[in-house]
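Visitor: Next up is a structure, given as structure tokens.
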Amino acid sequence: MIKLEEAQKIVLDSISRLQPEDIPLEDCDGLVTAEPLYAGESIPPFDNTAVDGFALNSHDIDSGFKEFEILGTIAAGGYQESPLPTGKTYRIMTGAPMPPNSDCVLMVEDSLITDRDGKSYLSFQSAPKKSDNVREAGSDIKEGQLLFEAQTRLTAGHLGVLASLGMYRVRVYPRPRVGILSTGDELSNDSGPLQPGQIRDSNRQTLASLVREMGADPIDFGTIKDDPDQLRDAFTKAASSCDAVLSSGGVSVGDFDYTKAVLDELSSGSMSWMQIAIRPAKPFAFGHIATTPVFGLPGNPVSSMVSFELLARPAILKMMGSSNLFRSQIAAVSDSELRRRPDGKTHFLRVTASWDDQGRIHVKPQSGQSSHLLYSMANSNALAVVPDGHGVPVGEMTHIILLREI
Ligand code: AMP
Ligand code: MG
């Protein structure tokens, strides 16, 4: 058996980032910048009003004007070219440009309007001061400034900033295409009654979801029989059209595991067949078909998910240019004993994590921890990382990997 860290190193050392591409902004969600991005404009692009109100010149107020003739209205999207004459005002709507020679805005809520001789006049109790309610040009972003360093993962706020600057194509690492296939004669995808000995294929669904959730594109290569020709064909197609391939099943020591022979052949012997000191997900294979990395995940449904989490996910994140490959481990109080026996392995126990009212996280283990018990995986939101030994007593702290929000 090798240590998990050793297996992760074998995988990550042979993974490279994909070639950066200029990708339309709307497809960049979750992708990582390949170069630093600079602002070509300032935001806001012009001084504008933060409120609905009246644009004024504070000098007029200081020099004693009490009433201001209202010359008209400036809507958002409109503008006023000529300078504000002394003692006058414009009604102005949130986001509209300040007219030249104005420097503050009186909120509409604080205004008193008087109509006289077909004209309207503004007066007020408390006067605004210079800059009040004005959003200065460049107060958010200044032209030329560094926006985001290389290796920034773009999320909602980043995408909004780039859109506001008209940066509609961004140099990022593209979304990896991840081919997924299941292997096994026993697997069915039919909703009708199962034939004797059959079970339904669940790994393609779980793996596709995990791939999608991390921002990569899952490509389905179906369920493949334990047949050398079909396996060879499927792996060849997947490896030649994808950036990475995930297969499940056939990596342990069963009698009909042709996956091993076929992968050894297609990878020109580059596959490492590992036994990792973890539970679940001990067997794991990794190598390359031509230049495409291939991850041979175990067939047991929980093992394939845990194996993805610990070994494939960090590698795909590396392809995506991410500098943050591992989920952070956080501390949690164990509300029940996290029971295990010494066996030289690190155990990843399915747990349900929840907050208490002090802001601490507590975990409870699922009752079933065997690697075929997929239902308990569905009902967990975290994995407790329990080192070799006798487990974690009630009330003690444990490390957990959060897989979903609590
Ligand atoms: P294997 O790794 O091929 O020896 O399979 C280990 C166990 O996982 C067996 O019980 C398989 O039936 C089961 N298994 C393999 N592939 C899948 C799959 N795609 N969906 C559900 N169970 C599977
Ligand atoms: Mg099998």
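The values are calculated or read from the model by the stated rules, or taken from the named source; none is laboratory data. These figures come from a predicted structure and were not determined experimentally. Ideal geometry is used to build each Cβ from the backbone, glycine not excepted, and the neighbour counts take in all protein chains shown. What goes into the accessible areas is simple: the full protein's heavy atoms, side chains included, and nothing from ligands, DNA or RNA. Shrake-Rupley method; radii C 1.70, N 1.55, O 1.52, S 1.80 Å.
Visitor: Taking only the range 62-76 into account, find how many residues are farther than 16 Å from VAL134 by Cα, in contact (Cβ under 8 Å) with a residue 12 or more places away in the chain and out of contact with any strand residue (DSSP E or B) (no Cβ under 8 Å at 6 or more places or on another chain).
Guide: Adding up the residues that qualify gives 1.
Visitor: Mind listing just one residue for me: the one in the range 320-338 that is part of a loop (DSSP other than H, G, I, E, B) and out of contact with any Pro (no Cβ under 8 Å at 6 or more places or on another chain) and, of those, least open to solvent (accessible area, probe 1.4 Å)?
Guide: Taking the candidates together, the pick is SER322.
Visitor: Which count do you get for residues in the range 346-365 that are open to solvent by less than 40 Å² (accessible area, probe 1.4 Å) and in a loop (DSSP other than H, G, I, E, B)?
Guide: Adding up the residues that qualify gives 1.
Visitor: Name the residues in the range 374-396 that are assigned to a loop (DSSP other than H, G, I, E, B) and among the hydroxyl-bearing types (Ser, Thr, Tyr), would you?
Guide: SER380
Visitor: Report whether or not SER371 is in contact (Cβ under 8 Å) with a residue 60 or more places away in the chain, over 25 Å from GLY30 (Cα atoms), in a loop (DSSP other than H, G, I, E, B) and polar (S, T, N, Q).
Guide: Criteria met by SER371.
Visitor: Among the helices (runs of 4 or more DSSP H) lying completely within the range 189-288, list those that include at least 3 residues that are open to solvent by 70 Å² or more (accessible area, probe 1.4 Å) and farther than 27 Å from MET1 by Cα.
Guide: 203-213, 228-241
Visitor: Can you tell me which residues in the range 31-55 are surrounded by fewer than 18 Cβ atoms within 10 Å (Cβ to Cβ) and within 30 Å of MET319 (Cβ to Cβ)?
Guide: GLU35, PRO36, TYR38, GLY40 - these are the residues of the range 31-55 that are surrounded by fewer than 18 Cβ atoms within 10 Å (Cβ to Cβ) and within 30 Å of MET319 (Cβ to Cβ).
Each row is one residue, and each column tells you yes or no for (1) farther than 30 Å from LEU402 by Cβ; (2) assigned by TED's automatic domain parsing to the domain that holds LEU181; (3) more than 16 Å from ligand 2 (Cβ to nearest atom).
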position	(1), (2), (3)
LEU231	yes, yes, no
LEU246	no, yes, no
SER268	yes, yes, yes
PRO298	no, yes, no
ARG313	no, yes, yes
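Visitor: Please work out which residue is least open to solvent (accessible area, probe 1.4 Å), limiting yourself to the range 385-406 and to residues that are under 18 Å from GLU5 (Cβ atoms), in contact with a His (Cβ under 9 Å, 6 or more places away or on another chain) and not acidic (Asp, Glu).
Guide: VAL386
Visitor: From the set of residues in the range 252-263 that are at pLDDT 90 or above and under 28 Å from ARG212 (Cα atoms), which is nearest to ligand 1 (Cβ to nearest atom)?
Guide: THR259
Visitor: May I pose another question? Run down PHE124, PHE148 and say which single residue is in contact with a Leu (Cβ under 9 Å, 6 or more places away or on another chain), surrounded by 15 or more Cβ atoms within 10 Å (Cβ to Cβ) and touching a residue at least 60 places away in the same chain (Cβ under 8 Å).
Guide: Answer to the check: PHE148.
Visitor: Evaluate the following for SER191: is it hydroxyl-bearing (Ser, Thr, Tyr), over 30 Å from SER42 (Cβ atoms) and within 15 Å of ligand 2 (Cβ to nearest atom)?
Guide: no
Visitor: In addition: Can you pull out the residues in the range 318-358 that are over 24 Å from the mean Cα position of the chain (by Cα) and over 23 Å from LEU4 (Cα atoms)?
Guide: Within the range 318-358, VAL333, SER334, ASP335, SER336, GLU337, ASP356, ASP357, GLN358 meet the criteria.
Residue by residue, here is whether (1) closer than 30 Å to PRO228 by Cα; (2) in a loop (DSSP other than H, G, I, E, B); (3) away from ligand 1 (no atom under 16 Å from the Cβ) holds:
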residue: GLY138; (1), (2), (3): no, yes, yes
residue: GLY144; (1), (2), (3): no, yes, yes
residue: LEU147; (1), (2), (3): no, no, yes
residue: ALA150; (1), (2), (3): no, yes, yes
residue: LEU159; (1), (2), (3): no, no, yes
residue: ALA163; (1), (2), (3): no, no, yes
residue: VAL170; (1), (2), (3): no, no, yes
residue: ARG175; (1), (2), (3): no, yes, yes
residue: GLY179; (1), (2), (3): yes, no, no
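Visitor: How many residues are in contact (Cβ under 8 Å) with a residue 40 or more places away in the chain and away from ligand 2 (no atom under 16 Å from the Cβ) when one looks only at the range 270-293?
Guide: Going through the range 270-293 one residue at a time, the tally reaches 13.
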